[in-house]
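So the structure is just underneath, and the comments pick up after that.
Values in this text are rule-based calculations from the coordinates and carry no lab data. Bear in mind the structure is a predicted one, so any value in this text is a computation, not a measurement. Cβ sites come from the backbone with ideal geometry, for glycine too, and all protein chains shown count toward neighbours.
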Amino acid sequence: MEGPINNGDYIVIKAKENGVHVIGLTRGHDTRFHHTEKLDQGEVLIAQFTDHTSAIKIRGKAEVMTKHGVIESD
């Protein structure tokens, strides 16, 4: 059985154009890419921060919804 998820917060990413890249970055001593997704306009991705994911990088125009509010990327 795995341990508890670190933080566990979710974010919702909605692509505002074709080709938006969402990149998950690892936790630990060395930060590395561990997952990538490519979204087209109108597609939505729900992502979670976990014991393995400490950061999420977004390239392209997207709307990012978090418990802290909504952010528009350029």
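Brief remarks on what is shown
- Across the chain, the relative contact order, built from alpha-carbon pairs under 8 Å that are at least six residues apart, equals 39 percent.
- Simple Cβ-charge dipole of the chain, Lys/Arg +1 and Asp/Glu -1, about Cα centre, in debye nearest 20: 120 debye
- Kirkwood Rh (inverse of mean 1/r, distinct Cα pairs), the chain, angstrom: 12.8 Å
- Of all aspartates and glutamates in the structure, the ones whose alpha carbon falls short of 18 Å from that of Lys61, not counting any fewer than 8 places away in one chain, are Glu17, Glu37, Asp40, Glu43, Glu72, Asp74.
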